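Every number in this text was worked out from the coordinates using simple rules, so none of it is lab data. Bear in mind that the values here come from a model prediction, so they are computed numbers and not experimental data. Glycine gets a Cβ as well: all are built from the backbone with ideal geometry, and neighbour counts include every protein chain shown.
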Protein chains: 2
Amino acid sequence: MQIRTLSDLVRFDPEKKQKIPVFDSPHMYYDLYTLLPGQLQRPFAFKKADKIVYVLQGRLRITVGGESAELREGQVVRVPAGQVNAMENAADEPAVALVVVAPHPECAERRKQRKRPK
Amino acid sequence: MQIRTLSDLVRFDPEKKQKIPVFDSPHMYYDLYTLLPGQLQRPFAFKKADKIVYVLQGRLRITVGGESAELREGQVVRVPAGQVNAMENAADEPAVALVVVAPHPECAERRKQRKRPK
């Protein structure tokens, strides 16, 4: 059985935000993001995949489209496919989030390539 | 922005396990499962979708294929597509899990139907 204990996987890097895969699944990303105060993920969008961010520790400022909100531990936000989003640890304590993206962005890309006319 | 506070959604039912959708996404299930002591989910498999179970509160006995393990708060297990799995609250306290299934099982089913020869 593929069992993980999330607290065993958490590590921070003073250089930049960390993206720590919990499992290697062909169907989704299921990752921990760890951000020290001031660290961020720049604006980005997955064209075909939904992204759901669940704050496990600390606080995170999340921007979706033009809107921003600070999420605290236990709060979750959905970023619908195609929407530009960003996150920043604007607080004074480390932050950890569980980020799920589905379908797996690379698989969506492969499907698109297969559909292209030759 | 679609923001949820997970603790606001948690409810238990003495009749049976509850499955509480956190978001309505076309790409995945992202649900809370709540189980009082003795409650369970019978063996079941998604043919085309991975399922990841994260224990948020209490303990859950998870079976994948022929193997079983009791997961505690903070532990996560991946059920690869096609594998029969079950869960039971065999402990003496309420249990809450976050269950993600991707791709969305109904979408996988629709794709299959479109591919069928007429």
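Some observations on this one:
- Cβ-based charge dipole, the stretch A:1-46, positive-most Cα from A:25, A:6, A:43: A:43
- Exposure proxy ranking, count of Cβ atoms within 10 Å, fewest first, for B:60, A:36: A:36, B:60
- Cα centroids of the stretch B:80-94 and the stretch B:22-71: 6 Å apart.
- Placing a pseudo-label 7 Å from each Cα along the Cα-to-Cβ vector at residue A:3 and residue B:48 gives an inter-label distance of 3.2 nm.
- Amide H within-cut-off set for residue A:57, under 5 Å, with H built and near neighbours excluded: A:96
- The residues B:68, A:25, when put in order of fewest to most other Cβ atoms within 10 Å, stand as B:68, A:25.
- For the stretch A:1-41, convex hull of alpha carbons as volume per residue, Å³: 72 Å³
- Ignoring aspartates and glutamates fewer than eight residues from residue B:47 along the same chain, the ones with Cα atoms less than 13 angstrom from its Cα are B:106, B:109.
- Pairs with C-alpha atoms separated by more than 22 Å, drawn from the list A:48/B:17; B:16/B:48; A:48/B:48; B:17/B:51; A:51/B:16; A:51/B:51, are A:48/B:17; B:16/B:48; A:51/B:16.
- In this simple spin-label approximation, residue A:90 and residue B:20 carry label points 7 Å from Cα along the Cα→Cβ vector, and these lie 2.9 nm apart.
- Ellipsoid semi-axes in whole angstrom, largest first, where each is sqrt(5λ) of the Cα gyration tensor of chain B: 26, 18, 12
- Relative contact order %, chain B, counting alpha carbon pairs below 8 Å whose residues are six or more apart: 31 percent
- Filtered GluC sites (Glu not before Pro), the stretch A:1-74: DSSP coil and at most 15 other beta carbons within 10 Å: A:15
- Electrostatic bookkeeping for residue B:99 treats Lys and Arg as +1 and Asp and Glu as -1; over the other residues with beta carbon under 10 Å from its beta carbon, the sum is +1.
- Acute angle (nearest 10 degrees) that the helix B:105-115 long axis makes with the longest principal axis of chain B, alpha-carbon atoms: 10 degrees
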